[in-house]
1. Are there strands (runs of 3 or more DSSP E) fully within region 163-276 with at least 2 residues that are free of Cβ contacts under 8 Å to residues at least 40 places away in the same chain? List them.
2. Residue under question is residue 5, and the condition is that it be under 24 Å from residue 263 (Cα atoms), of a type in the set (Val, Ile, Thr), touching a residue at least 40 places away in the same chain (Cβ under 8 Å) and open to solvent by 60 Å² or more (accessible area, probe 1.4 Å); does it hold?
3. Against the condition closer than 21 Å to residue 248 by Cα and open to solvent by 10 Å² or more (accessible area, probe 1.4 Å), how does residue 67 come out, does it pass?
4. Can you tell me how many residues in region 124-149 are more than 16 Å from the chain's Cα centre (by Cα), in contact (Cβ under 8 Å) with a residue 60 or more places away in the chain and open to solvent by less than 10 Å² (accessible area, probe 1.4 Å)?
5. For region 199-208, which residues satisfy the criterion of being under 12 Å from residue 224 (Cα atoms) and within 8 Å of the ligand (Cβ to nearest atom)?
6. Against the conditions (1) in contact with a strand residue (DSSP E or B) (Cβ under 6 Å, 6 or more places away or on another chain); (2) not in a helix (DSSP H, G or I), where does residue 148 fall short? Just the number, please.
7. Give the residue that is nearest to the ligand (Cβ to nearest atom), with candidates limited to residues of region 107-123 that are open to solvent by 70 Å² or more (accessible area, probe 1.4 Å) and more than 24 Å from residue 83 (Cα to Cα).
Amino acid sequence: MSTIIPLAAVLGHPIAHSRSPQLHGHWLARYGIAGHYVPIDVSPGNLDDVIRTLPKLGFVGVNVTIPHKEAVLGLADLVTDRATLIGAANTLIFRKDGKIHADNTDGYGFIQNIRQGAPDWQPKAGPALVLGAGGAARAIIASLLDVGVPKLVLANRTRIKAEKLQADFGKRVEVIDWIQVGNQIEDAHTIVNTTSLGMVGHPELRVPLDGLRPGQLVTDLVYAPLHTRLLVEAAAAGCTTVDGLGMLLHQAVPAFERWFGQRPEVDDQLRAAVLK
Ligand code: NAP
């Protein structure tokens, strides 16, 4: 009798930059699991064919990243409530009965990362200020509302995109102009950058940060560099800071567990393996 070796992958276009193979590869080695996780470059026109073929080749599931996160919802047989709410999925599970299950674990990863990095964080203690209304922002907003932030102030350079999110997520979301961000910092209990500003190769996040103060939780989705200007200034002002790498690591936990049958640990060894 032959042993089945479980396979998983990340599908994107492009995909060479993805750190998910290092991440899952580290866990596979650590837990002695005879599986493989590979990056596959899939153009949008081939997505349907590839997803229908992979289960026949021994794949137990895949991560999906840009530009496929929305399109996979239409290919799945079952979509979790949180993926429906967010309007995108990052994880597919190919079930033994042939059904494709889509989930979005980005918000879970975001919250778990803060809980691990700042165990005293009380999301209900005050308003959250969220910068950005791009693809990542939807999962962040959904998860912050889910853990009970009383108010979520949302600012985006293109205001209409923030207003669209407000229409989708309801009255706890309040939209402000991008130029007003500096004035809102002091009143925020939780501050999150979901824009690409501050990332290597992108412009710096240049909003006035003099309202930062001790007691605030500040986190950045950007993790290249790990210590963004926002996080450096927040730490200098006495805020609690959490970097963005942990979100990437934690979002992978539920998928790895479902595919390979082992709940993996997020720890310093994993961080070092992914940063290598
Ligand atoms: P996206 O959909 O392209 O959205 C980009 C966001 O940045 C939009 O809100 C955009 O505003 C804003 N922005 C870009 N240039 C700007 C500028 N010059 N001035 C002001 N705002 C600007 O990207 P995404 O998928 O949401 O990703 C955003 C960042 O999060 C990326 O750095 C990504 O690597 C990171 N991320 C990290 C994780 C993690 O696990 N840590 C997960 C997902 C994403 P407009 O709407 O006005 O264009």
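The values are calculated or read from the model by the stated rules, or taken from the named source; none is laboratory data. Just so you know, these numbers come straight off a predicted model, no measurement behind them. Virtual Cβ from ideal backbone geometry, glycine too; neighbours counted across all protein chains shown. Remember, those area values only see protein heavy atoms, side chains included, never the ligands or the DNA or RNA. Shrake-Rupley method; radii C 1.70, N 1.55, O 1.52, S 1.80 Å.
1. Details: elements: 173-177, 190-193, 217-220, 240-242.
In region 163-276, the matching strands (runs of 3 or more DSSP E) lie at 173-177, 217-220.
2. Numbers: under 24 Å from residue 263 (Cα atoms): yes; of a type in the set (Val, Ile, Thr): yes; touching a residue at least 40 places away in the same chain (Cβ under 8 Å): yes; open to solvent by 60 Å² or more (accessible area, probe 1.4 Å): yes.
Criteria met by residue 5.
3. yes
4. Total meeting the criteria: 3.
5. 199, 202 - these are the residues of region 199-208 that are under 12 Å from residue 224 (Cα atoms) and within 8 Å of the ligand (Cβ to nearest atom).
6. Unmet for residue 148, out of (1) in contact with a strand residue (DSSP E or B) (Cβ under 6 Å, 6 or more places away or on another chain); (2) not in a helix (DSSP H, G or I): (1).
7. Once the filter is applied, the top-ranked residue is 119.
Each row is one residue, and each column tells you yes or no for (1) in contact (Cβ under 8 Å) with a residue 24 or more places away in the chain; (2) charged (D, E, K, R); (3) touching a helix residue (DSSP H, G or I) at 6+ places or on another chain (Cβ under 8 Å); (4) surrounded by 22 or more Cβ atoms within 10 Å (Cβ to Cβ).
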position: 46; (1), (2), (3), (4): no, no, no, no
position: 50; (1), (2), (3), (4): yes, no, no, no
position: 73; (1), (2), (3), (4): yes, no, yes, no
position: 85; (1), (2), (3), (4): yes, no, yes, no
position: 99; (1), (2), (3), (4): no, yes, no, no
position: 105; (1), (2), (3), (4): yes, no, yes, yes
